[in-house]
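To start, the structure under review is shown below, and the notes come after it.
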Amino acid sequence: MAQEGLSAAQLHYRDMERLRQFRRDVLKAVPVALIAVPPFANFLVLLLMYFFPRQFLIRHFWTPRQQCDFGAAYHAARRAAYPAVLRCLATAARSLPEPRLRELCAEVQCGRHPRVAELCAVQPLFSRPELQLSELRAVHVRALGRVLFLTPLLPAVLLRRRLRSHLLELQHLDRALARLGLAQLSEEELRAACYLRGLNPAALSAAQCRAWLEQWLRLSCVLQASEVSLLANSMVLLSLNFTGAEK
């Protein structure tokens, strides 16, 4: 990247995804390396890795069974935040004169999967100050942070900054994926892409994963940077009630 003067947003999809995962692996490995600095602490680190592989090992060292189990555990924690995101979004929508977003939230809370056209219809509302990421209530931002696996213990200002950075990175990934084409992805890549965007693909077929990603890309690729709040909330709106039977 340095030699060719490329930014992360200019990379091909697979290179961009590798860079994203590498950065997260480094962030996870650095604390483990620091623990191992004192004399003989490496024995403690080995024990921690053995008994707590999910917390102290990056995913490349997980067994296939661990990858499945740990992925389910992480998604369960993420899914626990979905109702809070919906409640906060419905509360924010009450301050708007336009009723469509309130009605959409109510329908999703009742178990209906929304169409992408419905989300595109409320897209302009997320350019309004009330729904921009910088103006969302702290409880809403913390719930969205849990959906993106960000620690909710950070100060709200820092969490908003990290949330925006992660969402813009995800949008760059989406555009690179749209250029590549979903047909070029293996089944493993399809499932990983769904998981990253809020959907647990464990009980879905490859065709269902592809259908859901098509919906996601249709929305993500038309959003402006000022509307990333909709992208974050769509991780819940498009995932919560998806069963694979939707058209």
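Taking the 1.4 Å solvent-accessible surface of region 42-109 as the whole, the part contributed by carbon and sulfur is 64%. Going by a ≥ b ≥ c, the root eigenvalues of the Cα gyration tensor, does the chain fall in the rounded group (a/c under 1.5), the prolate group (a/b larger than b/c) or the oblate group? Note, shape of the chain comes out prolate. Shown in residue order for region 226-241 are the 3J(HN,Hα) couplings computed by the Karplus curve 6.51 cos²θ - 1.76 cosθ + 1.60 at θ = phi - 60°: 6, 10, 5, 4, 5, 4, 5, 5, 6, 4, 8, 4, 8, 9, 4, 10 Hz (x for Gly and Pro).
Can you tell me which of 212-220, 182-190, 119-127, 32-40 comes out highest on packing, and rank the rest after it, using the mean Cβ neighbours within 10 Å?
Per-residue mean Cβ counts within 10 Å order the peptides as 212-220, 119-127, 182-190, 32-40.
What a 1.4 Å probe finds exposed on region 130-227 is 56% carbon and sulfur by accessible area, rounded to a whole percent.
The listed residues 1, 49, once ranked by accessible area (1.4 Å probe) with the largest placed first, stand as 1, 49.
On average, how much accessible surface per residue is there in region 1-110, in Å², for a 1.4 Å probe, leaving out ligands, DNA and RNA?
Heavy-atom accessible area per residue stands at 66 Å².
Working from Cα pairs under 8 Å separated by at least six residues, relative contact order for region 1-150 is 19 percent. For a Förster distance of 45 Å, can you work out the FRET efficiency between the beta-carbons of residue 218 and residue 42, rounded to the nearest 0.05? The calculated FRET efficiency here is 0.35.
Rolling a 1.4 Å probe over the protein heavy atoms gives region 119-189 an accessible area of 50 Å² per residue. Taking Cα atoms only, the orientation of helix 138-147 departs from the longest principal axis of the chain by about 60 degrees.
Each residue of region 180-187 was assigned a 3J(HN,Hα) from its phi angle through the Karplus expression (A = 6.51, B = -1.76, C = 1.60, θ = phi - 60°), giving 5, x, 5, 5, 7, 8, 6, 4 Hz with x at Gly and Pro. The solvent-accessible area of residue 74, taken with every protein chain present and a 1.4 Å probe, is close to 70 Å².
The values are calculated or read from the model by the stated rules, or taken from the named source; none is laboratory data. Only a predicted model underlies this, so the values are computations on that prediction, with no experimental measurement involved. All Cβ positions, even for glycine, are placed from backbone atoms using ideal geometry, and neighbour counts span all protein chains on display. When the accessible area is computed, the model is the full protein with side chains, heavy atoms only, and any ligands, DNA or RNA have been set aside. Shrake-Rupley method; radii C 1.70, N 1.55, O 1.52, S 1.80 Å.
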